[in-house]
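Please read the structure below before turning to the comments.
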Amino acid sequence: MNFSSFVRKIGLAIASLLFVVGSLFITASPAAADTVTVKMGSDSGQLVYVPEVVTIKVGDTVKWVNNKNMPHNVIVIDHPELSYKALALKPKVELESTFTEAGEFSYYCSPHRGAGMVGKVIVEG
Ligand SMILES: [Cu+2]
């Protein structure tokens, strides 16, 4: 083996090593998405979402669960794709929306908006 082919072999070995090390960094898995639960109607029967404001990350899901003083629904302003217009009539009914873009999303319950049943999802990028 002459000197230049030796250098080429070492070069290839180093290149493959760097490739393997680089792949390890690339495949490091991101944090798993979370689901945050919001009650519709407080335990004491008030017409509110509990908690009224939640802060999540892009890709997380909000799960609204029917609690007290049904019926309720979830109308996310300007986002029909995240909304549930149909009234949830029974206790424990779950409505889920996954938020895939950052921003602030205000929502309300159509039967109880006038009573102040409003909420907000803050989605951080
Ligand atoms: Cu309501």
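Rule-based calculations on the coordinates, nothing more; no lab input. Predicted, not measured: the structure shown is a model, and the values here were computed from it. We place every Cβ from the backbone using ideal geometry, glycine too, and count neighbours over all the protein chains shown.
Condition (residue is more than 19 Å from Ser42 (Cβ to Cβ) and among the β-branched types (Val, Ile, Thr)) applied to region 98-107: is it met by at least one residue? Within region 98-107, one or more residues are more than 19 Å from Ser42 (Cβ to Cβ) and among the β-branched types (Val, Ile, Thr).
Please go through region 65-108 and give me each residue that is assigned to a strand (DSSP E or B), more than 16 Å from the ligand (Cβ to nearest atom) and either without any contact (Cβ under 8 Å) to a residue 60 or more places away in the chain or crowded, with 19+ Cβ neighbours inside 10 Å (or both), ordered by number. It would help to see each step written out before you state the result.
Narrowing region 65-108 to residues assigned to a strand (DSSP E or B): 65-66, 72-76, 84-88, 94-98, 103-108.
Cutting the leftovers down to more than 16 Å from the ligand (Cβ to nearest atom) gives us 96-98, 103-105.
Listed by number, the residues that qualify are Ser97, Gly103, Glu104, Phe105.
In region 109-125, of all residues being touching a strand residue (DSSP E or B) at 6+ places or on another chain (Cβ under 6 Å) and either in a strand (DSSP E or B) or without any contact (Cβ under 8 Å) to a residue 24 or more places away in the chain (or both), the one that is farthest from the ligand (Cβ to nearest atom) corresponds to Glu124. Looking only at residues of region 42-62 that are within 11 Å of the ligand (Cβ to nearest atom) and either of a type in the set (A, V, I, L, M, F, W, C) or in contact (Cβ under 8 Å) with a residue 40 or more places away in the chain (or both), we find that the one that is surrounded by the most Cβ atoms within 10 Å (Cβ to Cβ) is Tyr49. Here is the figure for region 53-100: residues that are over 17 Å from the mean Cα position of the chain (by Cα) and on the phi > 0 side of the Ramachandran plot total 3.
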